[in-house]
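One structure below.
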């Protein structure tokens, strides 16, 4: 293991590792920064868009509410209604024919009013005039709604779901007698269809599991496609709620006209749908950038280390008794300086070796000549001495 690490511990690998490490850190930092910025931007835009949807839905509901207000006001201020209730207020006898004529007038207004199912007209003593029977108002409503209608002094009072038929909602308003200084002349109770306040885009919510709620002043649902209880959601002040193990963002918009609240629950997976594409794009771009940077770093490290490796291999021949010069290569100034210095060193070293070698040869020859010069006289003397003894 140590030998393997030592084998890979080269200058080229170190340069490549440093370049790649720096590139990975830079790419990681930039990717996280861009991802967070884009994610925040997408979430904010989606939140603003949903808030705009809530505002538009609230505006539409206010328009429908004003239509109900206008239709009921037409009935309350109708001349026949005013005359009939004035007679009842003055305790005068009201003919059956007058009631029939009034019934036709009210039916005509009902037919020309969107969302209104029927009108019921009561005297101030809670006796029903229309339809033509003797039903009492108190048998249909709680007394607190009549009190609220009195306190409203002619404004609409939303009651809510009809206790006798859940397909309809009830609204009550007090009828003020114009000729009697706007005294209490009776009550107008009318039923509206349950889907009258249906959201315009509620049919599309099933595709994204988005929930719409229209809450009255008591935070009770008027229109909703949320099948579970909404009390726990309405009471929360947080912007996030978990439903069926999914996180939903809560968007609210309150209406000053109706006193109602539009509440929209949008899954976060819908808000962050574009973030997945951004994440994939960033990962793909980072991988491609890292691959390109790896190739460039590999070639750059080779360009830097190739002259050094060549110079190192040349120096290895010195241990074999040879000092070859390295060829001149085109590289950075530092590498060129190192190569030039090495070549100068090799040149001087080879020159010194040559000089020492020549001096050694000359010295050897001089010693040989000196020996020869010593040998020649001894050889002549020995020859003459031998000749003398021979004679």
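Worth pointing out:
- Fewest-first ranking of 355, 213, 103, using other Cβ atoms within 10 Å as the exposure measure: 355, 103, 213
- Remark: 22, 171, 81, 94 ranked as 22, 94, 171, 81, counting other beta-carbon atoms within 10 Å and listing the fewest first.
- Proxy reagent accessibility, fewest Cβ within 10 Å first, across 118, 166: 166, 118
Only the coordinates and a few stated rules stand behind these numbers; no lab work does. Note that this is a predicted model, so its numbers are computed, not measured. Cβ atoms come from the backbone with ideal geometry, glycine included; neighbour counts cover every protein chain shown.
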